[in-house]
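Comments concern the structure below.
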Amino acid sequence: MLDSNEKSGIRDLAYKLLVNSRPWDAVRSVEELRREAEELPVGLRRFMAEARVKEEPLIAVANLPVSEDLPPTPESWQEAHRNEAGLLEEVVLLLCASLLGDPFGWAGSQGGRLVHDVCPSRGMEESLTNASSRAALNLHTEDVFHSCRGDYVSLLCLRNPDRVGTTISRIAAPDRLRELTALWDDRFRFFPDDAHFADSAEVDLDGRRFEWGPVLFGPKDDPYLRIDPDFTRPEPGDDQAERSLRACEAHLADAAERIVLEPGEALFVDNYRVVHGRETFTPRYDGTDRWLKRTNLIRDIRRAYIHQRSRSRVLS
Ligand SMILES: [Fe+2]
């Protein structure tokens, strides 16, 4: 929890960056932003450095600045982008997030923007994207399909009057999965989720490019995790892999917790150790719906550069 001096210092720093960087373009400003992050309160920097080294599964920061004259919750990311809604909060999130890793984007997701607006959109209520509302988002690894997926998913809450819960879970008892050796093998296909398609109805799962890989990997006693029930499939007929996958999902469901983000709270979710989701809610589209800013972080941006074969942090 930041104190009021730290909060106002972060607000001043974000304003200064915005004033000096008009028109605002996060991709253009992200390297300067990393330098300026050294001006963040020392307590916050030490806290984030320690959490990064220890690979804390969840990192929460409270009392970050949110504008007193916050505009109404936009009805789509396009509206937010057009109106530059929540720019101060975007810069605040990028400043804090850059202490953990490098922000990056996907060319096919929210127009390649580094910071996404998470708000309900008309017509998307039942979709499997962060514009949904009436459909729950199942516990998942972000961008499960890609070897350049983020190490962290960063969320900053601007507004959440209905206390819609963010769900999280992790492998609580690795011993209980010890028998499921298939989870450690390259027997799973990871498909791109619907957020990567402008019109997902036109591209069914089998028509999407996928990566093979294991669900569990890394340290045996505290494994890393790669799973998204909606977009992970074993090879047809591989019953052992299928059963193992379902058992892993059940394990994660049993260990699920609910976090209600309040305005000014940021949550950094380790995407290798924690799966996340969101409860259902009924949108009003009256400017008061839940609104988050989100950015994905990679611990070594060179993974992205190697994939892109260029120094671009917007992945295609
Ligand atoms: Fe997600």
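The values are calculated or read from the model by the stated rules, or taken from the named source; none is laboratory data. Note that the structure is a prediction, hence the values are computed from the model and not measured. In this analysis, Cβ positions are derived from the backbone assuming ideal geometry, glycine residues included, and neighbour counts consider all displayed protein chains.
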Next on the checklist: With the structure loaded, tell me whether Gln308 is away from the ligand (no atom under 16 Å from the Cβ), free of Cβ contacts under 8 Å to residues at least 60 places away in the same chain and touching a Leu at 6+ places or on another chain (Cβ under 8 Å) or whether it fails that test.
Outcome noted: yes
Next on the checklist: I'd like to know if the stretch 189-199 contains one or more residues that are away from the ligand (no atom under 13 Å from the Cβ), without any contact (Cβ under 8 Å) to a residue 12 or more places away in the chain, surrounded by fewer than 19 Cβ atoms within 10 Å (Cβ to Cβ) and at negative phi.
Outcome noted: yes
Checklist entry - When you look at Ser98, is it of a type in the set (S, T, N, Q), in contact (Cβ under 8 Å) with a residue 40 or more places away in the chain, touching a Phe, Trp or Tyr at 6+ places or on another chain (Cβ under 6 Å) and crowded, with 23+ Cβ neighbours inside 10 Å, yes or no? => result no
Item to check | Residues located in the stretch 235-275, provided they are modelled with pLDDT under 95 and closer than 24 Å to Phe197 by Cα | outcome: Glu235
Checklist entry - Of all the residues that make up the stretch 284-297, how many are more than 15 Å from the ligand (Cβ to nearest atom) and in a strand (DSSP E or B)? => result 1
Next on the checklist: For a quick check of your reading of the model, give me the residue pairs whose first member lies in the stretch 248-276 and is over 28 Å from Leu88 (Cβ atoms), whose second is assigned to a helix (DSSP H, G or I) and at pLDDT 95 or above, with beta-carbon atoms closer than 9 Å and at least 6 apart or on different chains.
Outcome noted: Cys248/Leu183; Val275/Leu252
Next on the checklist: I'd like to check something: does the stretch 203-210 contain any residue that is within 16 Å of the ligand (Cβ to nearest atom), hydrophobic (A, V, I, L, M, F, W, C) and under 26 Å from Ile301 (Cβ atoms)?
Outcome noted: no
Checklist entry - Listed residues Arg278, Arg226, Arg258; which is within 20 Å of Gly165 (Cα to Cα), among the charged types (D, E, K, R), surrounded by 20 or more Cβ atoms within 10 Å (Cβ to Cβ) and within 16 Å of the ligand (Cβ to nearest atom)? => result Arg278
Next on the checklist: With the requirement that a residue be crowded, with 23+ Cβ neighbours inside 10 Å and under 14 Å from Leu292 (Cα atoms), what does the stretch 132-152 give you?
Outcome noted: Ser133
Checklist entry - Restricting the search to the stretch 200-212, which residues are in contact with an Asp or Glu (Cβ under 6 Å, 6 or more places away or on another chain) and either at positive phi or at pLDDT below 85 (or both)? => result Ser200
Checklist entry - So Val314 fits all but one of (1) farther than 21 Å from Trp77 by Cβ; (2) touching a residue at least 12 places away in the same chain (Cβ under 8 Å); (3) more than 16 Å from the ligand (Cβ to nearest atom); what number is the exception? => result (1)
